[in-house]
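S.K.: What follows is a structure written as structure tokens; I'll ask about it next.
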Amino acid sequence: MSLGRVHNFSISLDGFGTGEGQSRDAPFGHAGEGLHEWMFTTRFWRQLVGESGGTRGLDDAFARQITPGIGAEIMGAGKFGPPGWHEDPEWKGWWGPNPPFRTPTFILTHHPRPSIEMEGGTTFHFLDASPAKVLETAREAAGGQDVRIGGGPTVIRDFFAAGLIDHMHIVVVPVLLGRGVRLWDGLEGLEKDYEVESASSPSGVTHVTFTRVGL
Ligand SMILES: NC(=O)c1ccc[n+]([C@@H]2O[C@H](COP(=O)([O-])OP(=O)(O)OC[C@H]3O[C@@H](n4cnc5c(N)ncnc54)[C@H](OP(=O)(O)O)[C@@H]3O)[C@@H](O)[C@H]2O)c1
């Protein structure tokens, strides 16, 4: 069975998955890099960016679950680029010529454009479709493997609301953002459908997993 999975999705203590004021210079708005500092210190991340070192503890063990078994990614227009990216015909995402996805990657947008083949196995496809439809398309492309729902918070919230997420790993970071895009709005009672576990890391973050009951 091909699962819909979320990994390493970081939120502030007050539930924001990104800050306010996203721009080309500030992909997370006023949140800066604060939501992901826990990950930048891990061995997983250092390997990803071609560096040595990094921690090997709990944060690293969770962080590296993002890749195994994934055959496609889905993300929202707000993760793919800053507001207005669709007006730039040259925009190909934040990640340079060799993005880390290395699978078919589906971008939900009301401004679809032709697919873009990148280096390293990533092809960006642009779809204006319902969450259920894009998941069906991504599953076909994933060839039986799981599909990662990569964010941002609006898209994850919509996929949860549509009952399309089987497993989610979120990281609660001890910062208060006060403003931005919230993850949980409208998802009251969601926990009843999931087995929820949490683990506190010495780094100060808390890893929380939601796994669909009966999976
Ligand atoms: N905290 C984390 O771990 C994490 C992870 C990933 C990303 N982020 C951050 O999250 C932010 C982006 O999140 P966000 O909530 O603002 O946006 P988002 O979830 O990435 O994308 C939402 C946008 O996608 C398009 N869209 C969504 N559903 C659609 C549908 N069914 N059909 C067509 N288009 C659809 C719409 O854009 P259009 O109408 O403009 O096309 C919508 O405004 C960025 O700052 C990013 O850096 C955080």
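Just so you know, all these numbers are worked out from the coordinates, no wet-lab data involved. As the structure is a computational prediction, the values presented were derived from the model and not from experiment. A quick note on method: Cβ atoms are made from the backbone with ideal geometry, for glycine too, and the neighbour counts reach across all protein chains shown.
S.K.: Is it the case that Arg179 is in a loop (DSSP other than H, G, I, E, B), under 30 Å from Asp88 (Cα atoms) and without any contact (Cβ under 8 Å) to a residue 24 or more places away in the chain?
M.R.: Criteria not met by Arg179.
S.K.: Name the pairs whose Cβ atoms lie under 8 Å apart, with the first residue in region 75-88 and part of a loop (DSSP other than H, G, I, E, B), the second more than 7 Å from the ligand (Cβ to nearest atom) and polar (S, T, N, Q), and 6 or more positions between them or separate chains?
M.R.: Pro82/Ser23; Pro83/Ser23
S.K.: Also: If we keep just the residues of region 96-120 that are part of a loop (DSSP other than H, G, I, E, B) and closer than 19 Å to Ile156 by Cβ, which is farthest from the ligand (Cβ to nearest atom)?
M.R.: Restricting to residues being part of a loop (DSSP other than H, G, I, E, B) and closer than 19 Å to Ile156 by Cβ, the top hit is Thr103.
S.K.: Looking only at region 1-45, which residues are under 20 Å from Gly78 (Cβ atoms), more than 10 Å from the ligand (Cβ to nearest atom) and in a strand (DSSP E or B)?
M.R.: Within region 1-45, Gly4, Arg5 qualify.
S.K.: Provide a single number: the residues in region 12-33 that are farther than 11 Å from Val181 by Cα, in contact with a strand residue (DSSP E or B) (Cβ under 9 Å, 6 or more places away or on another chain) and surrounded by fewer than 16 Cβ atoms within 10 Å (Cβ to Cβ).
M.R.: Counting residues in region 12-33 that are farther than 11 Å from Val181 by Cα, in contact with a strand residue (DSSP E or B) (Cβ under 9 Å, 6 or more places away or on another chain) and surrounded by fewer than 16 Cβ atoms within 10 Å (Cβ to Cβ) gives 2.
S.K.: In region 139-161, how many are in contact (Cβ under 8 Å) with a residue 60 or more places away in the chain and within 17 Å of Tyr194 (Cβ to Cβ)?
M.R.: Looking only at that region, the number is 4.
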